[in-house]
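Right, one structure below, let's go through it.
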Amino acid sequence: PGPYNPFIIVSAHSGIKTGEDGPTHADPQPLQLIQENFPKGSCITLTPWDPQELWPLMTAALERRPAVISPFVTRPNEKVVDRKALCLAPASDAANGVYKLYASTKEHPDGVVVLQGSEVANAFVNKALPLLKEDGLEVDVYYIASAELFDLLPEEQQAATFPEAAASHAMGITGFTLPTLYRWVTSTYGREHSLYPFLKGHFLGSGKAEAVVAEAGLDGESQYRAIRDYVTGPKEGRIKDGELMTHFH
């Protein structure tokens, strides 16, 4: 019986951005092997995108006293962005496991995007988001920082933090495997427009981190094009005017 003395498995500089080490190292599969694969509360995975998120996430995980904590962290040379200047939510929000990273400035957002993984979130914030703004496209953006911490929230808080309507309309972008998006992206249309490392049907090659991310189609410009296509797709497959906000209310 708990509470346990947590054993910490550091999944260091994990994911496809470690391209110089080749496919055996730059592998998106490990999260799927661990995440939500143990009795509730006994194992907590952490997937911060910004180094600022690591501390509130680790604190929240340690407070829960699970048997295992497994943070998936990127290489240490990521630039730390000015969240306030970019109208992004504070890093402390990551402690809830899921949070709205960016809120559309429109009353009725053009779509919903779910992000998971350091490489994809950095590419989105630094490249895709500015390009979307240039086109006048505004989306609500959620970030998945820990599926298990989210599961440990009260049900009412879960519903308020990530409404079911958001999942039913969202497309996803992950640096991990597609199944890790399934609970956050529930529509066929959203999944068809989602991006993930194995989308092109093969393991990624070895090379500079940016080149491997681009090979996967997860760089900022590729994300921008995918989100634009999702937003402008057939109306029956995406958000009808006002429908998302109605569901939220």
Can you tell which of Leu46, Leu131 is touching a helix residue (DSSP H, G or I) at 6+ places or on another chain (Cβ under 9 Å), open to solvent by less than 60 Å² (accessible area, probe 1.4 Å), modelled with pLDDT of 95 or more and farther than 15 Å from Phe150 by Cβ?
-> Leu131
Which residue, of Leu195, Leu181, is more than 23 Å from Leu57 (Cα to Cα) and in contact with a strand residue (DSSP E or B) (Cβ under 7 Å, 6 or more places away or on another chain)?
-> Leu195
Test result for Ile44, farther than 22 Å from Phe198 by Cα and in contact with a Lys or Arg (Cβ under 7 Å, 6 or more places away or on another chain) = yes
So which of Asn37, Asn77 ends up being more than 17 Å from the chain's Cα centre (by Cα), surrounded by fewer than 24 Cβ atoms within 10 Å (Cβ to Cβ), at pLDDT below 90 and part of a loop (DSSP other than H, G, I, E, B)?
-> Asn77
Considering Glu107, Glu156, which residue is out of contact with any Ser or Thr (no Cβ under 6 Å at 6 or more places or on another chain) and in a helix (DSSP H, G or I)?
-> Glu156
Based on what the data block shows, is Gly205 at positive phi, open to solvent by less than 40 Å² (accessible area, probe 1.4 Å) and modelled with pLDDT under 95?
-> no
Take the residues of region 208-221 that are in a helix (DSSP H, G or I) and open to solvent by 20 Å² or more (accessible area, probe 1.4 Å): which is farthest from Val113 (Cα to Cα)?
-> Ala211
Enumerate the pairs (first residue in region 81-93 and free of Cβ contacts under 8 Å to residues at least 60 places away in the same chain; second residue anywhere and polar (S, T, N, Q) and not in a loop (DSSP other than H, G, I, E, B)) with beta-carbon separation below 6 Å, excluding pairs fewer than 6 apart on the same chain, so at least 6 apart or on different chains.
-> Ala91/Gln52
Within region 159-195, residues being closer than 28 Å to Ala214 by Cβ, open to solvent by 20 Å² or more (accessible area, probe 1.4 Å) and either out of contact with any helix residue (DSSP H, G or I) (no Cβ under 9 Å at 6 or more places or on another chain) or among the aromatic types (Phe, Trp, Tyr) (or both) number 2
Between a first residue in region 181-209 that is under 17 Å from Gln35 (Cβ atoms) and a second residue that is of a type in the set (D, E, K, R), which pairs have beta carbons less than 7 Å apart while being 6 or more apart in sequence or on different chains?
-> Val185/Arg191
Taking the stated definitions as given, is Leu115 open to solvent by 20 Å² or more (accessible area, probe 1.4 Å) and either hydrophobic (A, V, I, L, M, F, W, C) or modelled with pLDDT of 95 or more (or both)?
-> no
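Okay, residues lined up against (1) more than 15 Å from the chain's Cα centre (by Cα); (2) farther than 26 Å from Val212 by Cα; (3) of a type in the set (Val, Ile, Thr):
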residue: Ala60; (1), (2), (3): yes, yes, no
residue: Val68; (1), (2), (3): yes, yes, yes
residue: Val114; (1), (2), (3): no, no, yes
residue: Pro130; (1), (2), (3): yes, no, no
residue: Leu137; (1), (2), (3): yes, yes, no
Quickly run through region 139-158 and pick out the residues that are buried (at least 20 other Cβ atoms within 10 Å of the Cβ) and either more than 20 Å from the chain's Cα centre (by Cα) or not aliphatic (A, V, I, L, M) (or both).
-> Asp140, Tyr142, Tyr143, Ser146, Glu148
Which residue pairs have Cβ atoms under 6 Å apart, sit 6 or more places apart or on different chains, and have a first residue in region 129-140 that is over 14 Å from Val113 (Cα atoms) and in a helix (DSSP H, G or I) and a second that is open to solvent by less than 50 Å² (accessible area, probe 1.4 Å) and not hydrophobic (A, V, I, L, M, F, W, C)?
-> Leu131/Tyr224
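The values are calculated or read from the model by the stated rules, or taken from the named source; none is laboratory data. Only a predicted model underlies this, so the values are computations on that prediction, with no experimental measurement involved. Using ideal geometry, Cβ is built from the backbone for each residue, glycine included, and neighbour counts are taken over all protein chains shown. Surface areas here come from the heavy atoms of the whole protein model, side chains and all, with no ligands, DNA or RNA. Shrake-Rupley method; radii C 1.70, N 1.55, O 1.52, S 1.80 Å.
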